[in-house]
Amino acid sequence: MAITLVNPSGLPEIGAYKQVSVATGTKLVFIAGQVAWDAEGVTVGAGDLAAQVEQCYVNVGTALAAVGGTFEDLAKLTVYVVDWTPEKMPQFMEGVARASARLGTTTPVPPGTLVGVAALDVPEHLVEVEATAMLDS
């Protein structure tokens, strides 16, 4: 495996992700921000943060699979959420859990950054997920 996830002593342990990832593979993969579009470009879950998070993570999984990767190859996630408040965390984590169940993987826990934004490219989009991965081949 090209990714080792670490929680160094001296940094807080965050349940949703690890603090550090060490990438040692040979192929660096950058995945464009994924929004809640299905394969036909139709928005999934209008007005439903959990449904949109689920679709975004499924789309990341699809992109990873297309290049021979899985969630275990993720080095970093960056998530943008419209009008973010901490009260939205349960909905966000529900979407992640549902995507993990659909993909048959454990909850992805590489280092991550969640950024609250005023808007995304399409008004009905509530979340966008960018990913960086490292593959062995």
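Whole-Hz Karplus values for the stretch 51-68 come out as 5, 6, 4, 3, 5, 4, 5, 4, 5, 4, x, 4, 5, 4, 4, 5, 10, x Hz, taken residue by residue from phi with 6.51 cos²θ - 1.76 cosθ + 1.60 and θ = phi - 60°; glycine and proline positions read x.
Taking θ as phi - 60° and the Karplus parameters 6.51, -1.76 and 1.60, the scalar couplings of the stretch 129-137 work out to 10, 9, 9, 10, 10, 10, 10, 6, 10 Hz in sequence order, x denoting glycine and proline. Applying the Karplus relation 6.51 cos²θ - 1.76 cosθ + 1.60 with θ = phi - 60° to the stretch 15-22 yields 3J(HN,Hα) values of x, 7, 6, 8, 7, 9, 10, 10 Hz, where x marks Gly and Pro.
Every helix of 4 or more DSSP H residues in the chain counts as -39500 (n - 2.57), and over all residues that averages to -8000 deg cm²/dmol at 222 nm. When you restrict to C-alpha pairs under 8 Å that are six or more residues apart and normalise by the size of the chain, the relative contact order lands at 39 percent. Per residue, the chain exposes 51 Å² of accessible surface when a 1.4 Å probe is rolled over the protein heavy atoms with every protein chain present. Largest to smallest in accessible area, the residues Phe30, Phe71 fall in the order Phe30, Phe71 (1.4 Å probe, all protein chains included). For the chain, find the longest principal axis of its Cα atoms and tell me its angle to the long axis of helix 89-103, 0 to 90°, nearest 10. The angle comes out near 70 degrees.
Once Rg and Dmax of the Cα atoms in Å is calculated for the structure shown, the corresponding label among (i) 16.2, 52; (ii) 19.9, 62; (iii) 14.5, 46 turns out to be (iii). A 1.4 Å probe, protein heavy atoms only, puts the accessible area of Val42 near 80 Å². Remark on Gln34: its backbone amide H falls under 5 Å from those of Val129, Glu130, a criterion applied only to residues 5 or more positions apart or on other chains, H modelled at 1.01 Å from N. Pull up the cross-link candidates among the aspartates and glutamates for Lys76, meaning alpha carbon to alpha carbon under 18 Å and not fewer than 8 places away within one chain. Result set, ordered by chain and number: Glu13, Glu54, Glu128, Glu130, Asp136.
Close amide H partners of Gly116, meaning residues 5 or more places away or on another chain with modelled amide H under 5 Å apart, are Val81.
The values are calculated or read from the model by the stated rules, or taken from the named source; none is laboratory data. Please read these numbers as outputs of a predicted model, since none were measured by experiment. Accessible surface areas use protein heavy atoms only, side chains included; no ligands, DNA or RNA. Shrake-Rupley method; radii C 1.70, N 1.55, O 1.52, S 1.80 Å.
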